[in-house]
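Here is the structure we will look at.
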Amino acid sequence: MEKVLTARIGKKDSRSIDTYLADGGYTGVKRVLTSGMTPEQVIEEVKKANVRGRGGAGFSAGVKWGFLPKDTKGKPIYLFCNADESEPGTFKDRLLMENDPHQLIEGMILASYAIRCRNAYIYIRGEFYDGARILERAIGEAYAKGYLGEKILGSRFSLDITVHRGAGAYICGEETGLIESIEGKRGQPRIKPPFPAVSGAFAAPTIVNNVETLCCVKHVIDRGAEWFLKIGRNEKNAGPKLFCISGHVNRPGVYEAAMGLPLKDLIFGAEYAQGMKGGKKIKAVIPGGASAPMLTAAEIDDCPLDFDGVAAKGSMLGSAAIVVINEDACIVDVAKNLSKFFSHESCGQCTPCREGTPWLYKVLTRIEAGQGRMEDIDLLARICNQMANGMTICVFADAAIAPPLSSVTKFRAEYEHHVTQKRCLVGARAAELVTV
Amino acid sequence: MSSTPVAPPPSAPPPAPPPKDTFTVSFDGKAIEVPKNLNLIDAAKLAGVDIPHFCYHPRLSVVGQCRMCLVEIEGMPKIQAACTVPLKDGLSVKTTTDKVKNARAATMEFLLINHPLDCPICDQAGECTLQDNSFGYGNQLSRFDEAKRQYPTFDRTMIGPHVVADMTRCIQCTRCIRFTHEIAGTSELTFLDRGGRTLVWTHEGQPLANDWSGCAADVCPVGALTTREFRFRSRVWYLQKTPSVCPGCNVGCNISIESRDDVVYRFLPRLNPTVNDYWLCDYGRFLSEPLNDRDVHKATVREGSAVREATVPAAVDRIAREIRSSLEGKGPGAVFFLGSAHLSNEENFLLRKIADHVGSPNRDAIVDKSRPRKVKSKTVWVEGDDAGANHQGAKDMGLSPGAGGHGLDAVIAGKASPEVILIADAAFSAIADDPEKVAALRRARFLAVAARNANALTRAADVVLPAASLAEKEGTFTNVQGRVQKFDRAFLPKPPIRAAWEHLLLLALALGFGDRSWTPHDLLRQIAAEVPDYAGIKEEELEGGRLLKKGDFAWAGRP
């Protein structure tokens, strides 16, 4: 597939506005602002393209924009770009921001025009210091060339973009947590409803979109919804997509492909990760970041990497962070490691998540250290089952239980081995004991 | 005009029904009409359905984070936190399904895994929501077999002048944080850290030192915040709860006097949305301790230079004798009566009746001013700056100089020199401990006071009567809003101590009027008949309207 989102990445000076303009950048903005295309028409085009949110939830961006109230009662509408990329295994937004910042800025200008936003913000993960600096420089260039600021390109549309750095909390990637954080409060998700589109930042209507999603918007406006829909397995799962692959593969990295790329192709394809390091066997694959349930080696056959394809396998595409785990890894150790992350990142407001995530980590640590008991294995599953599905305000707990619950279900023999033999079950024998 | 009814023209539409101001909501199949602005938890209460909760409080913002109030809502696939579900017509709530039971048991298990379960040494035990909900909705056994979380340096620490924090007991419900943000407006408390390490503390080590800091301990559903004053003093189930009114100022916060074996252990706010709502200021709250102080135990009578103990009737007779002799010698103008802002309406009323009986226009009741005290009612702040609870009532009862009479100022200034002065409350003002002013009062030939504690005035007086404390008597106060509020007796005073109204009734009888059987109830009926502003006041209405029966009311800790 022709590269779209990453077409300019790797070129000389790809961050500068001069090369961006030379490559045909900001033509979408020029066309929309000077042709008299209405905001509603922009929304309609994005809706038609069915640009599903690239942050993880896969919710249609155009539909989300449509939730904005017609009458905001004098309140402004905010656009927040969610650049708090912190799902373990995910590093695509960083690539986009650091190498082609104007693509994102153009996407934000178009989205802001569509939703009638005057002040847009980029909430960028605090650790992305370089990304924040690069974006700020690019925004400065865009102001200088008249693509941002008062009366852009002589139209009646004005827009300011501000970069806001986060302070190091995974939960601020949850859209209402992000809004709280921008308001200067402790980053913790809000009760919904009201949804942000109705009452978000400072009680004003607010749209939160992922970096990659906003970049897609630029291309939808440039080339049309028809073009976008033709890329991918079907119209419900369309468009170019970035896949972050990491773990025990020969060539980890970010690859752009059409939505629906078979998972096996991503792992073994010559233009992608080029197979398993050292020719080892696959034990498990996490298809959508730490929050996605693990798949076994058998399950990755015939698994198209798009929202519905991975969902059909009982997992989720999430942020398209594919983590490949080989036969030498102990699955208990993997689950323990991921549980440590979730235990550290829980915001602490809801009881089941605040208490459940450290509990899971403690039990997994014990089993991993050879101090587990048989009943601990069922206990893990029970703890998981009483943390999710409405037990908490946000879906963090649902994400946190994915690694332990899926591994206990699918790799139970490894847990039992750890309890009885007090060491890891790895290598060829482990593969035989996988339950799907 | 003709009165023949005229049928409406057939084309007229039927009159629209008046818009409903209630929703029909069903709980476990039982439909009920509830006001539209209620929270689902309070609506359930109206239906007699108890939805267990920790973080929800009727006067604080809804955060939905304890996850105890989980219920099933028809049409919603996932379980919902009841406090976060907006009421609407036709809502069908299920609170007894297996899904709900399991979810509540799950939350209870999570809350208890790191809780120290130190109930045997915890002051909250007995009025702890965690205990109650654990009993009602939890499992008996814990499956948690790891080391419990500890909070070194954040356990058993004074975080302000009154509040002791112990984070090992905290369930992170944030009620106290929201109280300081939303009611006190002082925002001393906050969450620190996150996840399983989340704890409630003050900003940068600043103290929790607002005027209502004790309320933070009240709203705490567990023993994480307790007050220094009550810590380790009594198990709460031994405490008798008596509805009363705070004696601290003229706001007249409704309180519960909590006592055991004739000792007052604490005051708690008692819900009254029109006055103090769920709150009570620290100044008033900690007046519970001084309420136990007493150094006047017996009646005393001065004879020459000697002060002798006497029986109360003998001491009262002496007062009556002195009054009569003054009346005979110099007429009614020679007697001066002083009521008090600390006495009940009934007592001040009876004092005024005695003054009327002897015909003296010399009567007064004064009050010291304090720094402004305020408390948030359900809607507005109520403020008062009297150093007594009932100056308004004392004035209403007629304790101000009559025609040709003198007030206290005139007596102290020497413009009036009564022969006999009767002061119904020795603690009526700081004047009573001011030697110069007491000397001015002492110029009278005979000085009588009723007192609980000794001061310059009692030391100067000819007769001292032992008077009951607020906890030892009943009556009514009138607050700054003009609201007449009843307080009950927590326990009887130890003989020969009597309430001021009993002393006054004895005096009235000795002077030849009144009825031996009168009680504060009778006096209130007389007030209703004789004091125009109080016309028609009925004790039953005071009680039924706002004040509930002993031991049967919500206090702020357990909404």
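The values are calculated or read from the model by the stated rules, or taken from the named source; none is laboratory data. Being a predicted model, the structure only gives us computed values, none of them experimental. Using ideal geometry, Cβ is built from the backbone for each residue, glycine included, and neighbour counts are taken over all protein chains shown. Areas reflect the complete protein model, heavy atoms only, side chains present, ligands, DNA and RNA absent. Shrake-Rupley method; radii C 1.70, N 1.55, O 1.52, S 1.80 Å.
In peptide B:187-194, how many Cβ atoms from other protein chains are near each Cβ within 10 Å, on average? So the per-residue partner count for this stretch is 3. Listed peptides B:314-324, A:16-26 appear in the order B:314-324, A:16-26 once ranked by packing, highest mean of other Cβ atoms within 10 Å at the front. Rounded to the nearest 20, the size of the Cβ-charge dipole of the protein assembly as shown about its Cα centre is 740 debye, with Lys and Arg at +1 and Asp and Glu at -1. Where both bridge residues fall in the protein assembly as shown, DSSP classifies roughly 65% of the beta bridges as antiparallel. Between the Cα long axis of helix A:331-345 and the first principal axis of chain A there is an angle of about 50°, rounded to the nearest 10. The ratio of the alpha-carbon radius of gyration of the range B:299-545 to the globular-protein estimate 2.2 N^0.38 Å is 0.98.
What is the diffusion coefficient of chain A in µm²/s, taking the Kirkwood radius over Cα pairs and the Stokes-Einstein relation at 25 °C with a viscosity of 0.890 mPa s? My calculation gives 109 µm²/s for D. Taking Cβ separations below 4.7 Å as the criterion for a possible disulfide partner, the isolated cysteines in chain B are B:Cys69, B:Cys83, B:Cys119, B:Cys122, B:Cys128, B:Cys170, B:Cys176, B:Cys215, B:Cys220, B:Cys249, B:Cys281.
Across chain A, C-alpha contacts under 8 Å between residues 6 or more apart give a mean separation that, scaled by the residue count, equals a relative contact order of 15 percent. Taking chain B as the reference, fit the longest principal axis to its C-alpha atoms, fit the long axis of helix B:500-511 to the helix C-alpha atoms, and give the angle between the two in degrees, 0 to 90, nearest 10. For helix B:500-511, the angle is close to 30 degrees. On C-alpha positions alone, give me the angle between the axis of helix A:101-115 and the longest principal axis of chain A, in degrees, nearest 10. That helix lies at roughly 70 degrees to the long axis. Put simply, the amide H of B:Ala310, placed in the peptide plane, has neighbours under 5 Å in B:Ala299, B:Thr300, B:Val301, leaving out anything fewer than 5 places away on its chain. Counting only other chain Cβ atoms within 10 Å of each residue's Cβ, the peptide B:196-202 averages 4. The mean number of Cβ atoms from other chains found within 10 Å of a Cβ in peptide A:181-194 is 2, as a whole number. Taken over chain B, the alpha-carbon convex hull comes to 220 cubic angstrom per residue.
The calculated pair-distance distribution of the range B:447-520 uses every alpha carbon pair, bins of 5 angstrom beginning at 0, and gives 3, 14, 19, 20, 20, 15, 7, 1 percent. Here chain A is treated with +1 on each Lys and Arg Cβ and -1 on each Asp and Glu Cβ, and its dipole about the Cα centre works out to around 400 debye. Cα convex hull, the range A:103-254: 163 Å³ per residue, rounded to a whole number. Residue ranges B:146-152, A:115-121 sort as A:115-121, B:146-152 when ordered by packing (mean number of other C-beta atoms within 10 Å per residue, highest first). This model, with +1 at the C-beta of Lys and Arg and -1 at the C-beta of Asp and Glu, gives the range B:15-153 a dipole about its Cα centre of some 360 debye. Prolate is the label for the range B:190-329, because the ratio a/c of its alpha-carbon gyration tensor axes (a ≥ b ≥ c) is 1.5 or higher and a/b is greater than b/c. Cα centroids of the range B:114-184 and the range B:33-91: 23 Å apart. Compactness of the protein assembly as shown is given as radius of gyration and Dmax, 37.8, 125 Å, from Cα positions.
Measuring against 18 Å, Cα to Cα, the residue pairs A:Lys264/A:Lys340; A:Lys64/A:Lys241; B:Lys241/B:Lys473; A:Lys218/A:Lys241; A:Lys30/A:Lys92; A:Lys70/A:Lys192 contain A:Lys264/A:Lys340; A:Lys64/A:Lys241; A:Lys30/A:Lys92; A:Lys70/A:Lys192 as the ones spanning a longer distance. With helices as the sole contributors, chain B gives -7000 deg cm²/dmol at 222 nm; each DSSP H run of n ≥ 4 counts as -39500 (n - 2.57), and the sum is divided by every residue. Peptide packing for A:169-181, A:142-154 was compared via the average number of neighbouring C-beta atoms within 10 Å per residue; ordered from the highest value, the list is A:169-181, A:142-154. Among the residues of the range A:320-361, those with an accessible-area drop of 40 Å² or more from chain alone to full protein complex, heavy atoms and 1.4 Å probe, are A:His344, A:Gln349, A:Thr351, A:Arg354, A:Glu355, A:Trp359.
Per the Debye formula with a single identical scatterer at each Cα and no solvent contribution, what log10 I(q)/I(0) holds for the range A:232-326 at q = 0.12, 0.14, 0.21, 0.23 Å⁻¹? Results for the range A:232-326 at q = 0.12, 0.14, 0.21, 0.23 Å⁻¹ read -0.30, -0.41, -0.96, -1.16.
Rounded, prolate or oblate: which fits the range A:17-230, taking a ≥ b ≥ c as square roots of the Cα gyration tensor eigenvalues, rounded meaning a/c under 1.5, else prolate when a/b beats b/c?
Working: a/c = 1.40, a/b = 1.17, b/c = 1.19.
Rounded shape, in that the Cα axes give a/c under 1.5.
The solvent-accessible area of A:His164, taken with every protein chain present and a 1.4 Å probe, is close to 60 Å². Can you tell which of A:Trp227, B:Ala499, B:Val236 lies farthest toward the positive end of the dipole of the protein assembly as shown, using +1 and -1 charges on the Cβ of basic and acidic side chains (Lys, Arg; Asp, Glu)? Most positive-ward Cα: A:Trp227. Quickly estimate the mean residue ellipticity at 222 nm for chain A, helices only: each DSSP H run with n ≥ 4 gives -39500 (n - 2.57), and the total goes over all residues, rounded to 500. One gets -12000 deg cm²/dmol as the mean residue ellipticity at 222 nm.
Using the Karplus relation 6.51 cos²θ - 1.76 cosθ + 1.60 with θ = phi - 60°, the per-residue 3J(HN,Hα) values for the range A:389-404 come to 6, x, 6, 10, 5, 10, 8, 4, 5, 4, 6, 5, 7, 4, x, x Hz, with x marking Gly and Pro. Residue-wise HN-Hα couplings along the range B:312-321, as the Karplus relation 6.51 cos²θ - 1.76 cosθ + 1.60 with θ = phi - 60° gives them from phi, are 4, x, 5, 5, 5, 4, 4, 4, 4, 4 Hz; Gly and Pro carry x. When all alpha carbon pairs of the range B:22-96 are counted in 5 Å bins from zero, the resulting P(r) reads 3, 18, 31, 27, 17, 3 %. Prolate is the label for the range A:331-432, because the ratio a/c of its alpha-carbon gyration tensor axes (a ≥ b ≥ c) is 1.5 or higher and a/b is greater than b/c.
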